[in-house]
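Notes follow the structure.
The values are calculated or read from the model by the stated rules, or taken from the named source; none is laboratory data. Treat the numbers as computed from the prediction; the structure is a model and nothing was measured. Here the Cβ positions follow ideal geometry from the backbone for every residue, glycine too, while neighbour counts run over all protein chains shown. Heads up: the accessible areas ignore ligands, DNA and RNA and are worked out on the full protein's heavy atoms, side chains in. Shrake-Rupley method; radii C 1.70, N 1.55, O 1.52, S 1.80 Å.
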Amino acid sequence: LLALIALLAFLFNKGAICTGLIPGSRPVDDARWWVPLVFALSIWDFYSDINVTIYIWTNENSTQDLILFIAAVGSASFTIVPYVSNLLFASTIKTVIRYNEAAKSWFQTRSIIFTVLVAMGGGCYSALG
């Protein structure tokens, strides 16, 4: 779905679709049509990490084999710790940007959307895209 949105944004930016439907609207030369693709990759990466962690932990030998147990703990750690730290950063973003008026006004209306995107994708950077 996000790849389709990126494709439609690319075609709109090139003037191939919807040209002239909205009076006064024109394609821009610096549109970031690729952002939905980056966010889709972020979601894919995050959920694949969750799936690998679940797969390793549900293996019947995960608690008996030392190397598999270390892999399970590492996989869970490298999935949970970044996710929690990104959620904490997203929830405190307004204190980080308190001296930047442009960022404060942007986050005034979009902080909930930003937090939801971080929760879905697991990262702040791709949510800011």
Rounded to 10°, Cα long-axis angle of helix 101-121 versus longest principal axis of the chain: 50
Cβ charges +1 (Lys, Arg) and -1 (Asp, Glu), total dipole of the chain, debye: 640
The chain shape via C-alpha gyration tensor axes, a/c threshold 1.5: oblate
Using alpha-carbon coordinates, inclination of helix 66-91 to the longest axis of the chain, degrees: 30
Shape of region 24-94, Cα gyration tensor, a/c cut at 1.5: prolate
Choice from 46, 69, 114 showing the highest fluctuation, given a GNM over the chain with Cα pairs closer than 10 Å: 69
Solvent-accessible heavy-atom area per residue, rounded to whole Å², over the chain at 1.4 Å: 71
